[in-house]
Amino acid sequence: MKRLFFYFSFIFPIFGFAQEAVIDTVYVDSQFENAKNFSKIKVIKSDDVLRNATSLSDLLSFQTPIYIKENGRGMVSSPSFRGTTAQQTAFVWNGININSQFLGQGDINNIPFLGYDNIAVKSGGGSVLYGSSAIGGSIHLNNSFGYNKGFKGQIFSEFASYETLNSLLKSSFSNDKVSFQFSLSHNQSKNDYDVDEKYVNRNGAYNNTGVNFGFAYKADEHNEIYSQSQIFDATQNYPLLSEFSTPTKYLSRTFRSLAGWDFNNEKIKNDFKIAYLTDDYLFYLDSNNSNTRTGGSSKQYLAKNDFKYDLSASSEINFLGEIGQVEAEGFNTGVNSIKRSQGSAALLYRNFYVKNFSWELGVKKEYIENVKSPFLFSVAGNFSINNFYSLKLSASKNFRAPTFNDLYWEPGGNKDLRPEISYQFEVSNNFKWKFLTATITPYYMDIKDMIRWIPGAGGMYHATNTAHVKSFGLEAQLGATQKFGDFGYCTMLGYAYTNSQDQALKKQLAFVPYHKVNFGADFSYKIVALHLQTIWNSKIFSDTQSTEKFALDPFFVINLGFEVDVIKSLKLGFKVNNVTSEVYRTVVGYYMPKRNYAINMNFNF
């Protein structure tokens with residue numbers, strides 16, 4: 001049955017070739033457009049992703065309010081979203097939560113990020129739609145299919161300091177029946193930089209390769225079938241703080257594949273998909289000694305159905321069902337062979353009856369084997385008061401399920417752990433006047449039963465539900481876009497204030513800056529373009545007691561890029577990262593590089 005499930009995810013789309021064809025774009029994540037109506041979401045288009053082609057960490061640091069903790073350039077990296085931990089941010093691949101079954105989080109620099117149609121950042125809770133860990137927010141890796149666009153291709157290549165190469169080959173073809181897309185990406189770097197006399201990035205090399213393949217077919221005006229698959233292979237050395245330390249490395253390989261059938265008529269829209277995902281990793285305590293390996297392997301089988309029925313011209317109900325099984329096995333980690341069944345059922349109601357006002361109410365029940373699963377809810381509204389001002393409000397109950405390591409790691413795992421529960425509320429105020437846009441979003445979050453590993457008798461660490469965290473803050477953006485003949489510009493200024501405190505200690509959580517500012521600007525004149533990116537982070541406490549002497553210094557980083565259209569479809573670019581050679585770090589010990597350079601070519605055909 002498992003083999004049949006696996007092959008079906010590839011073969012399913014091919015059956016459509018015997019049928020006939022007309023319909024619009026297929027969004028692989030069937031709920032993403034609904035989420036945009038009621039949530040604060042920043043969508044980063046594929047061309048903007050290439051502005052930070054080195055890593056997903058760079059992209060999120062410079063283009064979003066998320067604080068990124070990175071153990072050196074291109075190394076182990078994790079997000080802090082609205083004052084939460086890495087385990088409370090969900091990574092979503094085409095509507096499917098892909099956080100590690102072992103750690104419950106995503107290692108940002110081991111997630112492929114080139115080759116998507118867009119990458120989106122959804123702020124705030126989203127467990128009703130996207131499941132466990134969608135507490136601080138979620139990061140979406142999205143593919144979509146278009147029709148009647150013919151053949152398109154793209155070759156992007158960037159050569160940068162420290163023997164770095166970032167490359168992307170992307171192609172697509174579509175007519176009125178078929179849509180096909182393919183991408184191949186590769187990132188590699190010797191990554192051997194030094195920072196004055198403070199730090200040398202020894203053993204920092206990495207390389208990774210990702211392949212994406214997608215296919216969609218319109219059987220008739222009511223039926224579409226589609227498939228999306230991804231393979232990612234990565235090798236990542238871990239930097240050494242001393243030249244006498246033993247070199248280590250981390251190998252990871254992921255495979256993700258889904259197939260879906262989308263049906264719609266005047267009243268009904270139904271999207272059914274199945275998916276098969278694998279995630280394998282090996283960690284070498286000594287890169288040159290295979291006997292020092294530890295690791296893990298997980299497989300996930302999943303079926304999802306999204307049924308929407310129009311009750312009237314101004315209201316609809318939406319039923320979401322999901323069922324699956326996860327199998328995992330550790331290697332020299334104490335985690336034995338494990339199987340876990342899980343599923344969920346959600347019901348949402350949306351109403352658009354009142355002009356310029358829409359609202360949504362959702363409820364969801366999770367089922368996770370051997371875990372006391374919570375009942376969740378969400379309520380949201382979107383009110384367009386006039387052309388100048390609109391308002392989005394949302395409140396929700398969200399959760400994070402204990403991971404396999406939390407439950408079964410030996411020693412220290414705890415099979416009696418409860419899921420983390422979060423209640424949150426936010427108000428997003430949106431303004432638009434001529435060429436100016438602005439958004440001001442205050443939020444509040446209360447997280448209970450946070451899972452922490454704490455020392456017990458004899459210094460042995462164990463997992464327990466202990467922490468209670470309250471977080472509140474403000475996110476604000478101000479943007480301007482104008483064009484005067486051959487000259488145009490687009491700017492965006494962002495600010496985030498985050499107060500996130502452990503209620504027992506009354507201290508700010510570690511690695512959560514109170515203030516972050518990011519600014520981006522694009523200027524173009526005829527065939528020439530200039531790009532500017534900056535981030536400023538306030539002081540960052542690195543321990544739970546907010547100790548001043550262990551705090552990381554504030555930092556201000558500037559990137560500057562130049563681009564010229566050599567011919568209509570070919571662009572050549574030059575970029576200076578960290579223009580002022582700022583000495584900074586985002587975690588203890590590991591510094592980020594000073595001034596460095598990149599040249600790139602972007603050819604579209």
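The values are calculated or read from the model by the stated rules, or taken from the named source; none is laboratory data. Quick caveat, the model's predicted, so the values are computed rather than measured. No Cβ is skipped: glycine too gets one built from the backbone with ideal geometry, and neighbour counts run over all protein chains shown. Just the protein is used for accessible areas: all its heavy atoms, side chains included, with ligands, DNA and RNA removed. Shrake-Rupley method; radii C 1.70, N 1.55, O 1.52, S 1.80 Å.
Set side by side, the residues 574, 605 differ, and just one is among the aromatic types (Phe, Trp, Tyr) and either modelled with pLDDT of 95 or more or touching a Cys at 6+ places or on another chain (Cβ under 9 Å) (or both), which is 574.
Among the listed residues 91, 102, identify the single one that is outside any loop (DSSP other than H, G, I, E, B) and surrounded by fewer than 24 Cβ atoms within 10 Å (Cβ to Cβ).
Residue meeting the stated conditions: 91.
Take residue 74 and decide whether it is crowded, with 24+ Cβ neighbours inside 10 Å and either on the phi > 0 side of the Ramachandran plot or among the basic types (Lys, Arg) (or both). It is true that residue 74 is crowded, with 24+ Cβ neighbours inside 10 Å and either on the phi > 0 side of the Ramachandran plot or among the basic types (Lys, Arg) (or both). In the range 113-131, the residue that is farthest from residue 495 (Cα to Cα) out of those that are part of a loop (DSSP other than H, G, I, E, B) and in contact with a Leu (Cβ under 8 Å, 6 or more places away or on another chain) is 115.
One residue stands out in the range 347-367 among those that are at pLDDT 95 or above and of a type in the set (Ser, Thr, Tyr): the one that is least open to solvent (accessible area, probe 1.4 Å), namely 358.
Among the conditions (1) at pLDDT 95 or above; (2) under 23 Å from the mean Cα position of the chain (by Cα); (3) open to solvent by 30 Å² or more (accessible area, probe 1.4 Å), the only one that residue 281 does not satisfy is (1).
Does residue 251 count as assigned to a strand (DSSP E or B) and open to solvent by 40 Å² or more (accessible area, probe 1.4 Å)? Yes, satisfied.
Would you mind stating whether residue 74 is under 29 Å from residue 319 (Cα atoms), at pLDDT 70 or above and touching a helix residue (DSSP H, G or I) at 6+ places or on another chain (Cβ under 8 Å)? Against the criterion (under 29 Å from residue 319 (Cα atoms), at pLDDT 70 or above and touching a helix residue (DSSP H, G or I) at 6+ places or on another chain (Cβ under 8 Å)), residue 74 does not qualify. Exactly one of these conditions fails for residue 407: (1) crowded, with 18+ Cβ neighbours inside 10 Å; (2) part of a strand (DSSP E or B). Give me its number. Of everything listed in (1) crowded, with 18+ Cβ neighbours inside 10 Å; (2) part of a strand (DSSP E or B), residue 407 misses just condition (2).
Residues checked against (1) within 27 Å of residue 554 (Cα to Cα); (2) of a type outside the set (Ser, Thr, Tyr); (3) open to solvent by 50 Å² or more (accessible area, probe 1.4 Å); (4) modelled with pLDDT of 95 or more:
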site	(1), (2), (3), (4)
476	yes, yes, no, yes
489	no, no, no, yes
506	yes, yes, yes, no
510	yes, yes, no, no
517	yes, yes, no, yes
524	no, no, no, yes
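Among the residues of this structure, residue 220 does not count as one that is at negative phi, acidic (Asp, Glu), surrounded by fewer than 20 Cβ atoms within 10 Å (Cβ to Cβ) and assigned to a strand (DSSP E or B).
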